[in-house]
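The values are calculated or read from the model by the stated rules, or taken from the named source; none is laboratory data. The model shown is predicted, which means the values in this text are computed figures rather than measured ones. Here the Cβ is made from the backbone with ideal geometry for all residues, glycine too, and neighbour counts use every protein chain on show.
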Amino acid sequence: MESTSEPHLSVRPILPVHVVGIAATEFVTEHDAMLDELVFDVVYRALREAGLRKQDLGLSVSASMDVLDGRSISSGLTNAASGGYLSDAFRVEGDAGVAIVSAAEAIASGDVEVAVAVGVHNPETTGDAMRRGRFLEQVSNLAFDPHFDRPVGLTANTAYGLHAARVLAVSRMRAEGFAALAASEISRSAGLDRSVRRRGATAQDVLDSVPVAWPLHELMLPAHSAGAVAVVLASPARAGRCVGRDAKLTGLGHSTGGYTWTGEWLADPGAATRRATRAALATSGASARDVALAEVSAPTPHLHQPLVDALGIDANVTVNPSGGMRSNFPGLANGGLRLLEVVERIGELPSGSIALSHSLDTITGGVAEDATVIAVEAA
Amino acid sequence: MTSPTASQAGEAIIRRSGSDGVAASPSRPATQEVNWNLRYDIHLGATWSRFMDGLRQRKLLANSCASCSRVFVPPQAYCESCFEPTAEWLELPAEGTLEVYTVAWHGFTGGPTPPYAIGGIRLDGASTLLMHHVVGVDFDSESDPKDALPFGTRVRAVWAEERVGHVLDISHFEPAS
């Protein structure tokens, strides 16, 4: 069921926020590390890249989740590693995209000159992929409401399965078509350093992979990994005195979606992304026609087109050269990885064009979604 | 803050990845088993308490938004779209339409035993979806489950023998005919 009214959007153009440093850990199944070690590693290297020190930071924003971290208020562990000791720091319990938007807004508003956003994801469990998958699904189930959806076994994977089943029922595209889309993303990225699926796949491989939640198979779902990504941001004036990346964030958008009973996540799964895109384009002063590249976080191939449509981009736009989430999905650090993929390609885009970095919180699948869209231009 | 809530302080178990007694490999991460067992008594509030009381009596209670006329099951204290308090209560029939479902092939700790099917059911007269277990699904991974149970099938609630004011007072939904 769709919302009864389109929410009013009240935004104004912002001053650009420059990306002056980005660092990522290696992306692996499981890091043999404490969370703060991962955070310190990437924040330290991202600051070094920009030629900045911890003392230059006006704000540190981290993204992680207590229930995955096995600690209540795990930011107590990671604040210092994010540069927040005796400084200003907070944590968002969600995707790193929200942390990046929050840090960028602090700079755009003039509150601080330099900020860092860091996402860390190393779920505190160990063992093979099946054991880790069961842990993630248990945590996901805990994120649903305890009275209605948790008792019936809803999880992220079953929520995505429900959406995919509905798409198959109403779409002209058959299972083979969605499998081909997944295979194409996996194969495109198989040779890339940051891909955690290192072998190409055919559509048949995808359909032959382990069934997870009908009609979804393992290779249709995100390629889970563990890791951390830090993004150091600076005002235009401060960026002029930094070494580092030549990219700037010109538009910021964020939106949340509805809960299970609205049915919006089934019928209109791009609703939150569409609203976030409107905000990002409005704050950047650009239009969808200016977009040349997009990193789209589509957790299943069945969500790919609805999310591409929600971003308002057409067939000429390069989408997911990285392979997207089927290449690498470092959980709550995903928003940082998507931005990294964009920033590393921003110099290849035609002059005057922009790129979009899109990310989602996937803890409850498409339910109660947290979507961020960031417009990026070459600096 | 960061201190792990061990099941028994001082009794944390040092484990090598996936070991369970297997000799540690230097390449495997060292971890400590920690439990975080908290019992919650989560408040239902007035709106959901009334709904759960209805379940005990085999009644499906809904409420509606006076502004947009949508009918909510589960009932809502306020309409999140109109941002108005909900008003009228009504009882809905225990039948509806199975709009969609999926089959979970893998379980998780504390969850239902797989495979199991979860459906989105639109009760007659409701504007919203109620998520619940459905039966009648063919759990053969090689076939299309919709052959045995098409979307759009009319379904009815099957009540649990013992009802305690919980969503599982509805045992599951089954085809109505």
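Tabulated results
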| read-out | value |
| --- | --- |
| Output for the range A:6-64, where each listed residue is charged (D, E, K, R) and part of a helix (DSSP H, G or I) | A:Asp36, A:Glu37, A:Asp41, A:Arg45, A:Arg48, A:Glu49, A:Lys54, A:Asp56 |
| Residue check, A:Arg71 among the basic types (Lys, Arg) and assigned to a loop (DSSP other than H, G, I, E, B) | yes |
| Sole residue being of a type in the set (A, V, I, L, M), within 14 Å of another protein chain (Cβ to nearest Cβ) and under 24 Å from A:Gly365 (Cα atoms), chosen from A:Ile73, A:Ile100 | A:Ile73 |
| Residue count for the range B:137-157, restricted to those that are in a loop (DSSP other than H, G, I, E, B), under 23 Å from A:Thr260 (Cα atoms) and not aliphatic (A, V, I, L, M) | 4 |
| Residue within the range A:322-344 that is among the β-branched types (Val, Ile, Thr) and either touching a helix residue (DSSP H, G or I) at 6+ places or on another chain (Cβ under 6 Å) or crowded, with 24+ Cβ neighbours inside 10 Å (or both) present | yes |
| Close pairs (7 angstrom Cβ cut-off, 6 or more residues apart or separate chains): touching a residue at least 60 places away in the same chain (Cβ under 8 Å) in the range B:108-122, small (Gly, Ala, Ser) and not in a loop (DSSP other than H, G, I, E, B) anywhere | none |
| Scan of the range A:88-116 for residues that are over 15 Å from the mean Cα position of the chain (by Cα) and among the acidic types (Asp, Glu), ordered by number | A:Asp88, A:Glu105, A:Asp111, A:Glu113 |
| Strands (runs of 3 or more DSSP E) wholly inside the range B:1-100 containing at least 1 residues that are within 12 Å of chain A (Cβ to nearest Cβ) and either modelled with pLDDT under 95 or closer than 30 Å to B:Ala176 by Cβ (or both) | B:13-16, B:30-33, B:60-64 |
| Residue list for the range A:157-174, filter: at the interface with chain B (Cβ under 7 Å from one of its Cβ atoms) and at pLDDT below 95 | A:Ala169 |
| Complete set of residues in the range A:134-156 that are closer than 18 Å to A:Val210 by Cβ, more than 7 Å from chain B (Cβ to nearest Cβ) and touching a residue at least 24 places away in the same chain (Cβ under 8 Å) | A:Leu136, A:Ser140, A:Ala156 |
| Output for the range A:232-261, where each listed residue is farther than 14 Å from A:Ser359 by Cβ, surrounded by fewer than 19 Cβ atoms within 10 Å (Cβ to Cβ) and under 22 Å from the mean Cα position of the chain (by Cα) | A:Asp246 |
| Test: A:Ala81 is within 14 Å of chain B (Cβ to nearest Cβ), in a helix (DSSP H, G or I) and within 20 Å of A:Gly335 (Cα to Cα) | yes |
| Residue list for the range A:178-212, restricted to those being farther than 23 Å from A:Val28 by Cα and touching a residue at least 60 places away in the same chain (Cβ under 8 Å) | A:Phe178, A:Ala179, A:Leu181 |
| Meets criteria (surrounded by fewer than 24 Cβ atoms within 10 Å (Cβ to Cβ) and either more than 30 Å from A:Gln55 (Cβ to Cβ) or of a type in the set (A, V, I, L, M) (or both)) for A:Leu77 | yes |
| Residue in the range B:102-116 that is under 18 Å from the mean Cα position of the chain (by Cα) and under 18 Å from A:Gly263 (Cα atoms) present | yes |
| One residue from A:Gly191, A:Gly258 being within 25 Å of A:Asp149 (Cα to Cα) and modelled with pLDDT under 95 | A:Gly258 |
| Residue selected from the range A:84-97 under the condition more than 23 Å from A:His358 (Cβ to Cβ) and among the hydrophobic types (A, V, I, L, M, F, W, C), by the criterion farthest from the other protein chains (Cβ to nearest Cβ) | A:Leu86 |
| Pick from the range A:246-277, criterion polar (S, T, N, Q) and in a helix (DSSP H, G or I), ranking: farthest from A:Ala298 (Cα to Cα) | A:Thr262 |
| Among (1) of a type outside the set (A, V, I, L, M); (2) outside any helix (DSSP H, G or I); (3) surrounded by fewer than 22 Cβ atoms within 10 Å (Cβ to Cβ); (4) modelled with pLDDT of 95 or more, the one test that A:Gly177 misses | (2) |
| Any hit, the range A:120-133, residues being in a helix (DSSP H, G or I) and either buried (at least 21 other Cβ atoms within 10 Å of the Cβ) or more than 9 Å from every other protein chain (Cβ to nearest Cβ) (or both) | yes |
| Boolean, A:His304 is within 30 Å of A:Phe144 (Cβ to Cβ), touching a residue at least 24 places away in the same chain (Cβ under 8 Å) and surrounded by fewer than 24 Cβ atoms within 10 Å (Cβ to Cβ) | yes |
| Scan of the range B:143-161 for residues that are touching a Gly at 6+ places or on another chain (Cβ under 9 Å) and loosely packed, with under 14 Cβ neighbours inside 10 Å, ordered by number | B:Arg154 |
| Single residue of the range B:124-177 satisfying the filter (at pLDDT below 95 and of a type in the set (Gly, Ala, Ser)) that is nearest to A:Asp208 (Cα to Cα) | B:Ser141 |
